[in-house]
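So the structure is just underneath, and the comments pick up after that.
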Amino acid sequence: MAFVGCEAPNEYAPPPPPQVTVAFPVEEDVQEYFKTIGRTRALSTVELRSRVSGYLDSINFEDGQLVEKDQLLFVIEKAPYEALVQSAQATLAKAQANLELARRQLARTEPLVSRNAVAESELDQAVAERDAAEADVLAAQAALREANLNLGYTEIRAPFAGRIGRHQVDLGNLVAPSETLLATLESVDPIQAYFTVSESDLLHFLQMQQNGELPSDSEIPVDMAFGNSDDYRFHGKIDFLQFGVDPGTGTTERRALFQNADQQLRPGLFVQIRVPVGKPVRRLLINERAIGSSQQGDYVLVVDADNKVVYHPVQLGEIYGDKRVILKGLKPDERVIVEGLQRARPGSVVTPEEAGKAPAPPAAGAPAAGAH
C-alpha cells in the first residue's frame, strides 16, 4: 500500500520593500549671497622707462624680487650728464659775474646823469645791460636745474613698494628716453579684485538699499576665494562702483580691496566673489546626497505616510558645508531619502529608517519578509 506525504505547496514570496534612510529638513538662519567671478589686479602697476638716453650702467636688483619705495633699480651712464651740470654751473657763474658788473656800471652812471655829466641815453643803456644780465642769470639757473634733473634721471628708482619683474635690457645697451622698457613693477599689498553686476541685479540691490535692507556702498563686505575653491578666506570691502551701466554689456563694474600681507593673492587670478545680500533668512536645508538631477531639473524623493516614494521637484539655493538650501518644493515635516536613492522609485513602497534610528515597520498591506 502506498503512502502519500502531506507537504505544503511551493509559493512565490515577493522580496521585502527596499530599505532607505530618511531625514527631515533642518531649519537654520541662512545668509544669502550674490556670487560671481572676478579677476585680481595690482593696486599700482608701472612700466619703468628712462627719461634720458644713455648706456645702461648698472642693474641693482634680482629679477622678481620685492623692492622698497625709492630703492635704486637702474643707473644710466652718468658721466655725460655730470659734464653738462659742470658746464651749466660755469655758465651760471659767468652770468652772475656779468650781472655784478652791470649793476656796478649802473651805480656809477646814475649820479653822473643827475649832475648832467653824461647823457640820459647812457643811463638807459646801463639799465638795459643790467636787466639783460639778470635775464642771463635766470636762464643759466634754469639750465643748471635742467642739467641736475637729467643727471638725477640717470638713476631709476622704485616709485612704490612692490614686486619687480625681469629686466628687459642688459648692461651696456643704449637706452632711449620714454621708449625702452626697462622692467615692470607691481604693488603687492593691498590687491584689488574687479567684477561686474548685471543691470537686473543692480536694480534689485538699489531697491534693497532704499528699503534699508543693504548697507551703504562704502560698507559692503566682500568675500573672495580662488577660482577652483569654495573657501572664501579673503575678506575685503567695495572701494569703487561704476556709476552707470555699460550699454554694450548691460553690466556695471565693481572693485573690492583686499589686504595681502602674506602675498597669497597675485594679479591676474580668476577668483570667486560673494557679497552678502540682506540679513540671514530662515531656510530649509537637506544633505547634498539627497538631491538628484534629471532633464526636468533638480528633485528629492520623499517618503509619505504610507511609506510610498514621492517625487518632489525643488529649487536649490546656497551650499553650506554638506547641506543645500531648498528654496521651493519641500516642507519641514517631510521625510527625505538621503541614502538608498538607487533603490527607491516614485510610487514604490520602501522601508524607511530615520537617520540615527531603527527602521520603521513595513507599510500596512505590504508583504512581510519571508511570507508564503
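Remarks
- Look at region 258-273: where a residue is closer than 24 Å to E219 by Cα and among the aliphatic types (A, V, I, L, M) and a partner is part of a strand (DSSP E or B) and open to solvent by 80 Å² or more (accessible area, probe 1.4 Å), sitting 6+ places away or on another chain with Cβ atoms under 9 Å, you get V271/I37; V271/R39; I273/K35; I273/I37.
- The requirement of being under 36 Å from the mean Cα position of the chain (by Cα) and in contact (Cβ under 8 Å) with a residue 12 or more places away in the chain is satisfied by L182.
- Qualifying positions in region 286-343 - in contact with a Ser or Thr (Cβ under 8 Å, 6 or more places away or on another chain) and in contact (Cβ under 8 Å) with a residue 40 or more places away in the chain: N307, K308, V309, I337, V338, E339, G340
- Filtering region 101-124 to residues that are free of Cβ contacts under 8 Å to residues at least 12 places away in the same chain and surrounded by 13 or more Cβ atoms within 10 Å (Cβ to Cβ) leaves L112, V113, V118.
- Matching option when the condition is under 18 Å from V46 (Cβ atoms), surrounded by 13 or more Cβ atoms within 10 Å (Cβ to Cβ) and either of a type outside the set (D, E, K, R) or at pLDDT below 95 (or both), among A158, A147, A140: A158
- Checking P346 against (1) open to solvent by less than 60 Å² (accessible area, probe 1.4 Å); (2) modelled with pLDDT of 80 or more; (3) not in a strand (DSSP E or B), the condition it does not meet: (1)
- Whichever residue in region 25-42 is surrounded by 17 or more Cβ atoms within 10 Å (Cβ to Cβ) and among the aliphatic types (A, V, I, L, M) and, among such residues, is nearest to E179 (Cα to Cα): A42
- Matching residues, region 185-225, being in a strand (DSSP E or B) and open to solvent by less than 50 Å² (accessible area, probe 1.4 Å): L185, I191, Q192, A193, Y194, F195, V197, S198, V222, D223, M224, A225
- Unmet criterion (only one of (1) open to solvent by less than 80 Å² (accessible area, probe 1.4 Å); (2) at pLDDT 85 or above; (3) not in a strand (DSSP E or B)) for A366: (2)
Okay, residues lined up against (1) part of a strand (DSSP E or B); (2) in contact with a helix residue (DSSP H, G or I) (Cβ under 8 Å, 6 or more places away or on another chain):
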site: T21; (1), (2): yes, no
site: T36; (1), (2): yes, no
site: L56; (1), (2): yes, no
site: E62; (1), (2): no, no
site: E82; (1), (2): no, yes
site: Q86; (1), (2): no, no
site: Q89; (1), (2): no, yes
site: Q96; (1), (2): no, yes
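- Answer residue from region 293-341, given it is farther than 23 Å from T351 by Cα and of a type in the set (D, E, K, R) and is most open to solvent (accessible area, probe 1.4 Å) among those: K328
- Residue within region 330-339 that is outside any strand (DSSP E or B) and either farther than 30 Å from F34 by Cβ or at pLDDT below 90 (or both) present: yes
- Out of V271, V275, V281, sole residue that is open to solvent by less than 60 Å² (accessible area, probe 1.4 Å), touching a Gly at 6+ places or on another chain (Cβ under 8 Å), among the β-branched types (V, I, T) and on the phi < 0 side of the Ramachandran plot: V271
The values are calculated or read from the model by the stated rules, or taken from the named source; none is laboratory data. Please read all numbers here as calculations on a predicted model, not as lab measurements. Reconstructed Cβ throughout: ideal geometry from the backbone, glycine too, with neighbour counts over all protein chains shown. Side chains are part of the model used for accessible areas, which takes the heavy atoms of the whole protein and leaves out ligands, DNA and RNA. Shrake-Rupley method; radii C 1.70, N 1.55, O 1.52, S 1.80 Å.
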